[in-house]
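Data first, discussion second: the structure below is written as structure tokens.
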Amino acid sequence: MTVLDILLPAFVASLILTGIHAYLGVHVVERGVIFVDLSLAQIAALGATVAYLAGYDLHTGAGAYLFSLGFTFVGAVVFALTRSRRSRSRIPQEAVIGIVYAVSAAAAIVVMSKATQETEHLKEMLVGNILSVRWSELAKTAALYAAVGAFHYAFRRKFLLISMNEPEAERQGISIRFWDLLFYMSFGFVVTSSVAIAGVLLVFCFLIVPSVTAMLFTDRLGPRLAIGWTMGALVSAAGVTLSFLLDLPTGATIVVTFGTALLAIVLVRAAVTRLGAGGGQPAGG
């Protein structure tokens, strides 16, 4: 087996994850529920932990996946029901999302304390094991994400209107909670598969970092997606390459590479903006 045989599936997995998560990240950032992906991912990981304790193999068969998906759907219902206009609620939804994340993480630790090899499993939930992904698994994941993408494209007007202009969506009589439920349930399908491949932390980075980076440069949806997809592809390639060259854990290395890339972009943009502002000052002040 060559180096390419080892690294190529991980890189392709990163591209597939970037494709769907960069789009969903636009919705998440616009809604102001930044940690909803982290929370849903942790709920999915809790479902996988319960499945593991129940005797299901986490890498083969549908049992563990269905456990994770079921737990994620419960989270989707909770988030859809707790959605409210910020001006109408004293408790922001981010507080609910944070509580769900903390409880899910603690519950996973409690459940795993009753199983063997719990430390290794908890580590895998956090950073994943993207190098072990198989081509057959990638094909199934790509098909699932394509179906979710087609669903969002078919109803893009409602989803985007709710995310970017909720008052207008209410004025048009759109049922916010119903469409929120559909959004989070479709999100649940994506997250459940993503966590199994990449782990909680990497899934969060794929969702948030490309979207936040794109927002630094444009407010338009098309360019934001283009920037997000480009960044995700380049950073994934860099992370996979660095993990091989430096003999580091691949998932964690990609996460750190995402953070480093975002910091570098912010600093360069700030420097360019300052130079531009300075250059616009008349001589002699």
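Quick note: the coordinates plus some simple rules give every number you see, no bench work behind them. Just so it is clear, the structure is predicted and the values come from calculations on it, not from any experiment. All Cβ positions, even for glycine, are placed from backbone atoms using ideal geometry, and neighbour counts span all protein chains on display.
In summary, the helical segments of the chain meeting the span-like criteria, namely a full DSSP H run, a Cα extent along the axis of 24 angstrom or more and a mean Kyte-Doolittle hydropathy of at least -1.0, are 3-31, 36-53, 63-81, 93-112, 135-154, 176-198, 221-245, 250-279. The relative contact order of the chain comes to 29 percent, based on Cα pairs under 8 Å that sit 6 or more residues apart.
A simple spin-label model places pseudo-atoms 7 Å from Cα toward Cβ; at ILE6 and ARG171 they are separated by 5.8 nm.
For the peptides 205-212, 152-159, the ranking by mean Cβ contacts within 10 Å, running from highest to lowest, is 205-212, 152-159. Given 37 °C and 0.692 mPa s, compute D for the chain with the Stokes-Einstein relation, Rh being the Kirkwood radius over Cα pairs; round to the nearest whole µm²/s. Calculated translational D: 165 µm²/s. Across segment 1-82, Cα pairs under 8 Å and at least six residues apart give a relative contact order of 23 percent. Cα centroids of segment 175-213 and segment 1-67: 9 Å apart. Residue order for SER163, SER175, fewest other beta carbons within 10 angstrom first, comes to SER175, SER163. Secondary-structure-derived ellipticity at 222 nm for the chain, considering helices only, amounts to -27000 deg cm²/dmol, per-run term -39500 (n - 2.57) for DSSP H runs with n ≥ 4. Taking label points 7 Å from Cα along the Cα-to-Cβ direction, ALA238 and ALA277 give a separation of 2.5 nm.
Applying 1/(1 + (r/R0)^6) with r as the Cβ-Cβ distance of LEU81 and LEU131 and R0 = 30 angstrom yields a FRET efficiency of 0.20.
Between LEU216 and VAL268, with labels modelled 7 Å along Cα→Cβ, what's the label distance in nm to one decimal, could you check? Each label point lies 7 Å from its Cα, and together they span 0.8 nm.
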